[in-house]
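The values are calculated or read from the model by the stated rules, or taken from the named source; none is laboratory data. No experiment lies behind these values; they were computed from the predicted model shown. No Cβ is skipped: glycine too gets one built from the backbone with ideal geometry, and neighbour counts run over all protein chains shown. Note: accessible area is taken over every heavy atom of the protein model, side chains too, but ligands, DNA and RNA are not part of it. Shrake-Rupley method; radii C 1.70, N 1.55, O 1.52, S 1.80 Å.
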Amino acid sequence: WGAKPQSIGRIQSPGARVHSAGFAMCSSVLVVKNTFICVLDDLEAASPCLRTVRAHHRAQSDSIVSPDYLATHSSDLVSNGSEQSDSSKDSRIVTWTHALDAGGVQATAAVAEIVDNVATLAFEPLGSHAVQRALEVATPEEAYRLASGLHGRVVAAAKSVHANSVLQKIIYHVGTRDSTFLACELQGWGRVIGLNASGSGVLCRLLEFSAREPMVVALVDEVLAKDAAALCCHKCGHRVAMSIISNGLERQRSRVIGALLEGGLQRFARHRFAAHVLEHALAQGSVAEVGLLAAALMAQAGAVVSLACHGFGVQIVRGLLDVPQVSKIVRRYLQKAVPKLRKDKYGSALVDELGLQDPEDSWVTAFAAGGA
């Protein structure tokens, strides 16, 4: 093994076997390993899987498992046992799901078993769906027991890819009074949860169903305590900002809209995420707030036309067209700039959508109609 043998003909790729007539009598095999040609006996030449099976059979014939086999393959044995355990758990979850769909006594029994395991099931892919289905068919008392199973684990569940959906389902089915413990446990984690891909959805559901509850109000205030403009620009936080505008207290909504006004509307109107918040504010804000936003957006000459030629800004222009106070003015600005808008794909699409015509074409059409 140690010495480099003399080459025999052309070196083949690693793992290739070269049978030699000289070794035929001793049933040996030449194998190329790391550019070395090595002589292996029949047992060594077998595949790794075959060697493993042979070693296992030898150990069984001696009524014991060989120490060498255990040392080499103990991790495989553990993983196989784990896979069997996971398969058994998955089949049990599927059985529960079928029982929940069947209803009646079977569903009641399945809910009882899920209640006992909700703390672990909520964090698993199949288990999460089973818990959500149980919440849908459970009685109010059973739903409360399911929710109580996550006491002390709300923060982890809110940040979990799977368990966050269970929390949202709890908020929907359990009711405001019985789901306040969620907001209680999230105190101190508001900003982190608001910027989390999974947790932001939980915060939005709390705002949707329990925005006036003291604990939820405190949680939202915590989210807004830091930079509200940064929240609007965040890929997950902007959804929370939109939910605050729709469902939050008036002072909380004003906090978000004030951050937009102070941070530069033209920049936010062109931002991938903040543009959604601004468009939502134009639709959901108070009359006074919408008036301030519209005036700031249109203050600069040519701002409306410039926004109409931007991928995100064009949505803001559509929002302005829905504001009664400024709709006609915005349309007039766009009418005058039809030739410029026609040169841009976003502007051209908006022109077609509104049915605007080039001023020169309109004059020719009117002249032809008058002449006729």
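Worth a mention:
- Residue within region 360-372 that is in contact with a Lys or Arg (Cβ under 8 Å, 6 or more places away or on another chain) and either modelled with pLDDT under 95 or part of a helix (DSSP H, G or I) (or both) present: no
- Here Gly175 clears all of (1) at positive phi; (2) within 24 Å of the chain's Cα centre (by Cα) except the condition numbered (2).
- Only one entry of Ala283, Ala288, Ala294 meets the criterion of being assigned to a helix (DSSP H, G or I) and closer than 24 Å to Asp344 by Cα, and that entry is Ala294.
- Within region 263-273, restricting attention to residues that are farther than 16 Å from Leu320 by Cα and in contact (Cβ under 8 Å) with a residue 12 or more places away in the chain, the residue that is nearest to the chain's Cα centre (by Cα) is Phe273.
- Flag if Leu334 is at pLDDT 95 or above and either open to solvent by less than 70 Å² (accessible area, probe 1.4 Å) or part of a helix (DSSP H, G or I) (or both): yes
- Filter result (open to solvent by less than 40 Å² (accessible area, probe 1.4 Å) and more than 15 Å from Leu282 (Cα to Cα)) within region 250-261: Gln252
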